[in-house]
Amino acid sequence: MGRGQAAALGLALVAILVGAGLGSTGGLPLAPTSSLPTETGTEATVDPILTVYVSGLVATPGVVRLPEGAIVADAIAASGGALEGAALEAVNLAAPVTAGEHIHVSGPGETGSVAAASAGNGLISLNQADAAALEALPGVGPVLAERIIAHREERGPFQSVEDLLEVPGIGEAKLASIRDLVAVP
């Protein structure tokens, strides 16, 4: 084997090794986000996983596992994508997904959107309800419903019902009147 052939073989080997390390992540190496001890005492890295339930007009309704930082669009894609007739305009596709969330893609004739009318327990989900579902709450009209939606879009999902106090126009009295009707699953 000549020098030129050896150099070409060496470059090909380097390209294969580099490609193997970068190919599975779209060209960028992933930094470990957490680590778990293994039986040998060494640490193995694990990406945090969110488990969510996707129902409605998607190709494969059911439980999906997503990486931390996923958004509603990712959950719908992991369920095979939306079917024809899905009311995607009623879903905030850019909303961050939270563990244990129920994402419902509504269709023709359904009211509400992403589990808007229910958080799985008959309560209205503050993190998923559309304006119409929020307006069903006592003392919540179109303006206040939009403020609630804007708050969660700007600051991320509500962590507790009490976080509603951060929304302009909601004070202790208003919170007391809706506290038992909402949830933050």
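The values are calculated or read from the model by the stated rules, or taken from the named source; none is laboratory data. Values in this document were obtained by computation on a predicted structure and should not be read as measured data. Every residue, glycine as well, gets a Cβ built from its backbone with ideal geometry; the counts of neighbours run over all protein chains shown. Calculation scope for accessible area: heavy atoms of the full protein, side chains included, ligands and nucleic acids excluded. Shrake-Rupley method; radii C 1.70, N 1.55, O 1.52, S 1.80 Å.
Values computed for the structure shown
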| item | result |
| --- | --- |
| Criterion violated by A145 - all others in (1) assigned to a loop (DSSP other than H, G, I, E, B); (2) touching an Asp or Glu at 6+ places or on another chain (Cβ under 8 Å); (3) open to solvent by less than 50 Å² (accessible area, probe 1.4 Å); (4) at pLDDT 80 or above satisfied | (1) |
| Condition met for V72 (closer than 22 Å to R155 by Cα and modelled with pLDDT of 85 or more) | yes |
| Count of the range 135-177 residues which are within 24 Å of P96 (Cβ to Cβ), touching a residue at least 24 places away in the same chain (Cβ under 8 Å) and in contact with a Gly (Cβ under 7 Å, 6 or more places away or on another chain) | 1 |
| Those residues of the range 70-80 which are touching a strand residue (DSSP E or B) at 6+ places or on another chain (Cβ under 7 Å) and small (G, A, S), in sequence order | A70, A75, A78, S79, G80 |
| Unique residue being within 11 Å of the chain's Cα centre (by Cα), open to solvent by 30 Å² or more (accessible area, probe 1.4 Å) and at pLDDT 80 or above when the list is L83, L57, L66, L93 | L93 |
| Boolean, A44 is modelled with pLDDT under 85, open to solvent by 30 Å² or more (accessible area, probe 1.4 Å) and assigned to a strand (DSSP E or B) | yes |
| Those residues of the range 165-182 which are out of contact with any Asp or Glu (no Cβ under 8 Å at 6 or more places or on another chain) and closer than 21 Å to E154 by Cβ, in sequence order | E166, V167, P168, G169, I170, G171, K174, I178, V182 |
| Every residue from the range 105-135 that is at pLDDT 80 or above and open to solvent by 40 Å² or more (accessible area, probe 1.4 Å) | A132, E135 |
